[in-house]
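*Asks:* Take a look at this one; I'll ask things after.
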Amino acid sequence: MRGERLGSAELPSPYEAFSIRARFGVFTEAGSHPLGSRTAHMMTLDSCPFKCTFCSESIQVSQRPTRFAVSETEHVAQRVRRLMDWGAEAVFFDDPVFWGGNWKAITEFCQDLQRQGTDLPGGTRLEWGGQLTVDVVLNRAKADEVHAALELMRRSGCTYIYIGIESMAESVMAHVGKNLLRRNPEAWVSKVREALAIIRGHGIRVGSSVLFGLDGESRETIEETIEQIGRLIDDELLVMASPNILTYHPGTAITAAHGQDRLDYHSRKDNRPPYTYFEEAYPEVVSQLLTEDDIWYIHKSAAERWGTVRNSAAEPLTEAAR
């Protein structure tokens, strides 16, 4: 469709038409429900400035993002305040990278949000969270700004950050293209640990996604990743780890490289274990580098090593339960 392109500030909030009903278990301070606080979802931009080979949110796929300008932080803070008036007890920013990783915009947003006020009825305050990347947190040239911004995030109500770790095997991460800016040439495993420690040091909890099936994956790299993530959990650097199986998405570099760009995403057949234990895994569209035995191994090993910190898709109902 062709037409005038609108910025996010010109578009209405979806919650003007739809009630805020979702609950997110990582937000609990409101104490309103065992499943978590009533959570609204927002985006300051809908594509990622980085170019990971597997990601459908990459700027390589979406081309031109729809976003709030970095000068519109006050407008976004006002929208958050309106969500609170409509019943939100928490807000999660689903941006691939919060404010595109612009620390100046993040700082100004937090200041604007504090001016709007985050107090909720009952004596609690709004909780919020968003997504960052390891290399955005480890921006050495702006280390002081990063620390100041993270502290301001916490003071303005941020209690949770989600980070894509993907793999803890250097041989796998060498193919991903996760940090094209190449700011930090250190080993990926040490960078992950340092980034998580920085965020936790400011009193903000961290959850992560882990992705199996990328180029270079083998049973050995799977074992390495599961163990290394387990060590981060042991050291209380992660409060949640979500194992995922690479699914081929249209337009991504890895989909084209694996010759999987003609897959049928619409005529879905019944799914089954072990694929149902993961968010998006489906037999016809998962990584050709993984066997079904590998996927069973990932499911069982992650559950055993990561314990209750492991996030898992719900198990399918048995025939009797249906």
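Bear in mind these aren't lab numbers, they're just calculated from the coordinates by the rules spelled out. Note that the structure is predicted; figures quoted are calculated from it, not measured. A quick note on method: Cβ atoms are made from the backbone with ideal geometry, for glycine too, and the neighbour counts reach across all protein chains shown.
*Asks:* Assuming a strict under-21 Å limit between Cα atoms, what lysine pair count do you get for the chain once near-sequence pairs (fewer than 8 apart, same chain) are dropped? Don't skip to the answer; put the middle values down first.
*Replies:* Details: K51/K178; K51/K191; K104/K142; K142/K178; K142/K191; K178/K191.
Pairs that pass both the separation and distance tests number 6.
*Asks:* Could you state the per residue volume, in Å³, of the convex hull enclosing the Cα atoms of the range 59-217?
*Replies:* Here the figure is 125 Å³ per residue.
*Asks:* Continuing with the same structure: Can you give the convex hull volume per residue for the Cα atoms of the chain, as a whole number of Å³?
*Replies:* Considering the Cα atoms of the chain, their hull volume per residue is 159 Å³.
*Asks:* What is the helix-to-structure angle for 219-234, meaning the angle in degrees between its Cα long axis and the longest Cα principal axis of the chain, kept from 0 to 90 and rounded to the nearest 10?
*Replies:* 30 degrees
*Asks:* To one decimal place, what Kirkwood hydrodynamic radius in Å is obtained for the range 108-166 from all pairs of distinct Cα atoms? Before the final figure, lay out each step's value.
*Replies:* Working: mean 1/r = 0.0790 Å⁻¹.
One over the average 1/r among Cα pairs gives 12.7 Å for the range 108-166.
*Asks:* Using a 10 Å cut-off around each Cβ, can you sort K191, K300 from fewest to most neighbouring Cβ atoms?
*Replies:* Fewest-to-most Cβ neighbours within 10 Å comes out as K300, K191.
*Asks:* Could you tell me the center-to-center distance, by alpha carbons, between the range 213-228 and the range 87-140 in angstrom?
*Replies:* What the calculation gives is 33 Å, centre to centre.
*Asks:* Follow-up. Measuring from label point to label point, each 7 Å out along Cα→Cβ, what is the D261 to H33 span in nm?
*Replies:* In this crude label model, D261 to H33 measures out at 4.2 nm.
*Asks:* Still on this structure, I have one more. Given the peptides 236-242, 3-9, 21-27, 40-46, arrange them by the average over their residues of other C-beta atoms within 10 Å, most packed first.
*Replies:* By packing density, highest mean first, the sequence is 40-46, 236-242, 21-27, 3-9.
*Asks:* Over the chain, what is the relative contact order in percent, taking alpha-carbon pairs closer than 8 angstrom and at least six residues apart? Present the calculation step by step, with values, prior to reporting the outcome.
*Replies:* Numbers: 536 pairs, mean separation 47.0, N = 322.
About 15 percent, as a whole number.
*Asks:* Separate question: With Cβ to Cβ distances under 10 Å as the rule, what net charge do the other residues near T124 carry (K, R +1; D, E -1)?
*Replies:* Here the count lands on -3.
*Asks:* Taking amide H positions as placed in the peptide plane 1.01 Å from N, state which residues far from V210 in sequence (5 or more) or on other chains have amide H under 5 Å from it.
*Replies:* E166, S242, N244
*Asks:* How much net charge surrounds A281 when only the other residues with a Cβ under 12 Å from the Cβ of A281 are counted, with Lys and Arg +1 and Asp and Glu -1?
*Replies:* Net local charge, A281 excluded: -4.
*Asks:* Now a separate question. State, to one decimal in nm, how far the label point of E145 lies from the label point of D235, with both points 7 Å from Cα in the Cβ direction.
*Replies:* 2.8 nm
*Asks:* Does anyone have the angle between helix 103-116 and the longest principal axis of the chain? Alpha-carbon axes, 0 to 90°, nearest 10?
*Replies:* That helix lies at roughly 50 degrees to the long axis.
*Asks:* Just to confirm the number: angle between the C-alpha axis of helix 188-201 and the first principal axis of the chain, 0 to 90 degrees, nearest 10?
*Replies:* The angle comes out at about 30 degrees.
*Asks:* Want the number for A197 to Q288: 0.36 nm per residue separation, take away the alpha-carbon distance, what's left?
*Replies:* Once the chain is fully extended between A197 and Q288, it gains 29.3 nm.
*Asks:* Excluding H202 itself, what net charge comes from residues whose Cβ is under 12 Å from its Cβ, given Lys and Arg +1 and Asp and Glu -1?
*Replies:* Local charge sum for H202: +3.
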